[in-house]
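Please read the structure below before turning to the comments.
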Amino acid sequence: LRQWMPQVCRRAFLLACCCCLISSTTANWDDKLLTLNNGNDAANTVEKIAFVHARKTGGSLIDGVLWRAYRKLGLTSAHLYSFDRETCREDALDNYRTCNAIKEKWDDGCALCKPSYKIETKGCPGCLEWVKKFDFHYIELHHFDMSLALKLKKEMGFKLVTLLREPSRQFESDANFEAYTRGGAQGYMPGYGKGFEGFSQWAIDRRGPFEQFRMISGCSTEHGGATGNRTKIDLFREDMDSDGHPACTFDQPMFAKENEFRWAYGTPDGQLPEPLKAKLATNVVKNLQEFDLVGITEEMPATLGLMQKRFTFLNIAQCAREVTLDEYNKKDHVYLLKNLSQQHHEMLEKEMDLDRRLYESVHASFVENATANGISLKSRECPSSLLRVSKQLQNG
């Protein structure tokens, strides 16, 4: 099993990713990259899109482009949130009659909230029925895993889009969001001490694989479980959670302490057993093939270019120019991985191994697709890990 990832799954990832279009995100881009198609060809077929928005990957920008593009066609959009928002209550009280007008600077369309902490692993009850009833053409799945996305694709014909970000950068951004930006943030990681010492202890307690890998595999607390008829992903999660150790659905891997990981994974060191890692990787490979577009956060101009190539009925170029600076949702980081110790770097690099292999494989496929489509890249090289760079600096 120690050799399965470098040999078997590496090839499987690359094979799966050959079906994917990929790209990335940055605040400024050259307009020449976006003049591929103005989206006004009447012969183009309008398709429905579900955007699987993983945390801290630049998804707010992509969402801002997509709801604008559908709005220009006179088609409705919706946002499914894995946490509570006031707009969900307002839209429900109005019976979703007027929610297709812009109410806030970031949102267009109707909102439905299904907080995972309230419904645990019961999936997203009523979500598919809601989408069908109001015939939404674009859906943002805000911090949901693959389970609902696959339902929308298989039962309603939605095309699937997502973004991947270099794992150490996503990890650092996620930590700063939880401590400083999310609603109710108190300036430190929940359950840990204040200041850098609290962050340091939180970081050393983390166990992989992390957010993006979990969400694509379907092994997440974010609404997996039963959403209508039972599916293979339901069975996969049950298998992962067997023997009294809820490896997929235990509460908050983001905040769990070391003893909670030992309980959830059923191992003395709190690390996910190799056989379960193999199952996760197999599901990631399988689910990646369901995406019509996989973007790379660090290559956003090319991502938008490939999106325009794939969905020619949308005016991606114009809508990208209309997204406001606030929608980039970019904040300065207080907690920096480069300030952690050598021990932290080595431990986190080991825990991010699966995440990094996934990202490198998808990135390689992206470079091939962008090149084949004549789309410029910031770099053909895969972005280096913050951990790897930090370690080299410390060793130097």
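The values are calculated or read from the model by the stated rules, or taken from the named source; none is laboratory data. Worth saying up front: this structure is predicted, and the values here are computed from it rather than measured. Positions of Cβ are backbone-derived with ideal geometry, glycine not excepted, and every protein chain shown enters the neighbour counts. Please note that ligands, DNA and RNA were not included when accessible areas were found on the heavy atoms of the full protein model with its side chains. Shrake-Rupley method; radii C 1.70, N 1.55, O 1.52, S 1.80 Å.
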Task: Shape category assigned to the stretch 287-344 from the gyration tensor of Cα positions, a/c cut at 1.5 - done: oblate
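Determine the relative contact order of the stretch 243-376: mean sequence separation of Cα pairs under 8 Å and six or more apart, normalised by residue count, in whole percent.
Values: 52 pairs, mean separation 23.8, N = 134.
Value for the stretch 243-376: 18 percent.
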Task: the stretch 165-305 shape via C-alpha gyration tensor axes, a/c threshold 1.5 - done: oblate
Task: Theoretical FRET efficiency, 1/(1+(r/R0)^6), r = Cβ-Cβ of Met156 and Thr371, R0 25 Å, to 0.05 - done: 0.15
Task: Projected label distance in nm at Lys194 and Glu47, using a 7 Å step from Cα toward the beta-carbon - done: 5.2 nm
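Could you work out what % of the accessible surface of the stretch 119-171 is carbon and sulfur, using a 1.4 angstrom probe and leaving DNA, RNA and ligands out of the count?
Values: 830 of 1680 Å².
Here it works out to 50 percent.
Let a ≥ b ≥ c be the square roots of the eigenvalues of the Cα gyration tensor of the stretch 273-396; is it rounded (a/c under 1.5), or, if not, prolate (a/b larger than b/c) or oblate?
Details: a/c = 2.12, a/b = 1.41, b/c = 1.51.
Oblate, because a/c is 1.5 or more while a/b does not exceed b/c.
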Task: Residue-normalised accessible area of the stretch 225-323, expressed per residue, 1.4 Å probe, Å² - done: 39 Å²
Task: Paramagnetic label zone (point 7 Å from Cα along Cα-to-C-beta, Leu73; backbone N under 15 Å) in the stretch 136-163 - done: 136-140, 157-161
TODO: Just grab the label-to-label distance for Asn259 and Asp239, each label 7 Å out from Cα along the Cβ direction, in nm (one decimal).
DONE: 3.3 nm
